[in-house]
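Okay, so here's the structure we're looking at.
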Amino acid sequence: MTYSALKIIKEALTGHRGWKPVWQKSEPKKSYDIIIIGGGGHGLATAYYLAKKYKQTKIAVLEKGWIGGGNVGRNTTIIRSNYMLNNNQAFYEFSLKLWERIEKDINYNAMVSQRGIINLFHSDVQRDSYIRRGNTMRIHGTDAILLNQDEVKKKYPFLNYENARFPIKGGLWQPRGGTVRHDAVAWGYAHAADKYGVDIIENCEVVGFEIVNGKCIGVKTNKGNIKANKIGVAVAGNSSKVMNMAGMRLPIESHVLQAFVSEGLKPILPGVITYGAGHFYVSQSDKGGLVFGGDIDGYNSYAQRGNLPVVEDVCEGGVSLMPMIGKARLLRMWGGIMDMSMDGSPIIDKTHISGLYFNGGWCYGGFKATPASGYSFAHLLATDTHHEVAKNYTLDRFKSGLTIDEKGQGAQPNLH
Amino acid sequence: MIINHPLLGPRDSSEFTYRGDAILFNRPDPNSESLLEDYYEYQYIRDNTHGFMKELWFHEQGDRSWLVLTRNTVTHEIIRVELASEYKRENK
Ligand SMILES: Cc1cc2nc3c(=O)[nH]c(=O)nc-3n(C[C@H](O)[C@H](O)[C@H](O)COP(=O)(O)OP(=O)(O)OC[C@H]3O[C@@H](n4cnc5c(N)ncnc54)[C@H](O)[C@@H]3O)c2cc1C
């Protein structure tokens, strides 16, 4: 099924009886060329680019739950490419470029909205570091504009500029940043992959690997054993758990991150605002809800729910930044499990087991990476070489000392 | 989460700073042959346990003692809290 304006008109006139499922539900075959474990954004994007760009066939995506039930459907939908380190900036800019044409590419309305993102600063030192980051971005051909206090005031008149501890002095603005409807990304990639014949198998949990003489030749699942030449793992918060089945330990800890949404309000927020000093960031969804969040809870967790101290912390941050938020009621909150890596950057690499490939360590920022992650993981799976923009996201960088530590926090995952 | 401090009784977890897996007690032998490998593992590699794990919490906004919790990472249930000094003595 192809979506188009014509199709919508036709369906409107014929009682909407011709819509088909967005993707077909499949049951596993005995064997595939390539199996992707994890039907989140990254797994589905990988399968899609494998089929479309790298012309692979006989691909399956195995998802233990339902499509969209993981972090891809739990995040706060922000996309941006405002990094400082070379290794990250090239990758995230590549991702943003893919976002800019994704809807045509996958024939699905993902509601990509480049409404801009601003990172606020509060002191001279912070301003200088933002100038440096902005310049790095511009060297990479990315848009970055430094706004002074007056310019920020004009855009966001409702912020609290009188905060004694963190007065807003300005911000680094990336106009091309914004939001994307996260569920539509999962459904859209599933739709596009399905069109290329990828089997999307839900309720299929991988419970083990078949490894013979150092080569991974298949997986064990609750729906039986499935053989494959190559197996790619993209299971986000469950990375350590799944790779442990192959006897591997990772430079990753799993942590819970919470998100919040208010009742629907009239449009008030023109873009995404991040207030790092106050552990708070916010945007407004097209339905009108204020979507906001803060830091991870800070302790290892596989429970998809957080604790109240962080709820309090986030709400305090919100009220100190934009006091009017205090009038809005909180509608829902939830948590997702982050694969926090030791340097805050992801891993897209082969493993020492032939045929087994790993994609993970996305921390709280893997949504915006979805297209580039899928693209470069597909490149790795299809060609056995690293994609140019992801070539430094190796597993052994922790051993060689070539860590990519954007925040400079060291090997303490809950601080990245 | 409420942490049942062995000296102070029940305290809110927000008073604490988290340091992670209690495996950090097992600092590698600096005279070992495989020193680089050992320290790489010590510094970067974790079990990231799904279920009960022993972990270090620092009572930063309290009596500044280090505690070892046995906590379930799936349910957040805490079944044991010990002073780190005692834990270390017992697990020598
Ligand atoms: C509250 C919150 C806010 C966030 N905000 C942002 C943001 O604003 N911007 C941003 O860029 N990022 C954000 N993120 C991070 C982003 O959501 C993740 O980094 C990204 O979605 C992870 O990749 P994924 O979509 O593939 O993960 P997931 O959707 O979690 O996919 C992994 C899948 O693997 C499946 N799986 C696990 N184990 C197995 C198994 N054994 N067998 C089969 N399947 C298995 C899981 O069920 C899951 O569906 C946020 C995350 C959270 C939780």
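The values are calculated or read from the model by the stated rules, or taken from the named source; none is laboratory data. Not measured: the values here are computed from a predicted model. With ideal geometry, Cβ positions are generated from the backbone for all residues, glycine too; neighbour counts draw on all protein chains shown. For the accessible areas, the whole protein counts, side chains as well, though only heavy atoms, and no ligand, DNA or RNA atoms are used. Shrake-Rupley method; radii C 1.70, N 1.55, O 1.52, S 1.80 Å.
Number of residues in segment B:28-44 that are within 14 Å of chain A (Cβ to nearest Cβ) and open to solvent by 70 Å² or more (accessible area, probe 1.4 Å): the value is 5. None of A:Glu316, A:Glu312, A:Glu388 is within 14 Å of chain B (Cβ to nearest Cβ), over 29 Å from B:Asp21 (Cα atoms) and open to solvent by 40 Å² or more (accessible area, probe 1.4 Å) except A:Glu316. Of all residues in segment A:319-357, count the ones that are away from the ligand (no atom under 14 Å from the Cβ) and open to solvent by 30 Å² or more (accessible area, probe 1.4 Å). Residues in segment A:319-357 being away from the ligand (no atom under 14 Å from the Cβ) and open to solvent by 30 Å² or more (accessible area, probe 1.4 Å): 12 in total.
Checking each residue in segment B:3-22 for being farther than 19 Å from A:Leu415 by Cα and more than 10 Å from chain A (Cβ to nearest Cβ) picks out B:Ile3, B:Asn4, B:His5, B:Pro6, B:Leu7, B:Leu8, B:Gly9, B:Pro10, B:Arg11. For segment A:234-266, the set of residues classified as away from every other protein chain (no Cβ under 14 Å), of a type outside the set (S, T, N, Q), over 15 Å from the mean Cα position of the chain (by Cα) and open to solvent by less than 10 Å² (accessible area, probe 1.4 Å) consists of A:Phe260 only.
Of the listed requirements (1) surrounded by fewer than 18 Cβ atoms within 10 Å (Cβ to Cβ); (2) without any contact (Cβ under 8 Å) to a residue 12 or more places away in the chain; (3) touching a Phe, Trp or Tyr at 6+ places or on another chain (Cβ under 6 Å), B:His50 misses just one: (2). Criterion applied to A:Asn119, A:Asn160, A:Asn109 was being in contact with a helix residue (DSSP H, G or I) (Cβ under 7 Å, 6 or more places away or on another chain) and surrounded by 21 or more Cβ atoms within 10 Å (Cβ to Cβ), and the one residue passing it is A:Asn119.
Please work out which residue is surrounded by the most Cβ atoms within 10 Å (Cβ to Cβ), limiting yourself to segment A:5-54 and to residues that are more than 16 Å from the ligand (Cβ to nearest atom), in contact (Cβ under 8 Å) with a residue 24 or more places away in the chain and of a type outside the set (A, V, I, L, M).
A:Lys52
Filtering segment B:47-86 to residues that are of a type in the set (Asp, Glu), facing chain A (nearest Cβ under 8 Å) and assigned to a strand (DSSP E or B) leaves only B:Glu55.
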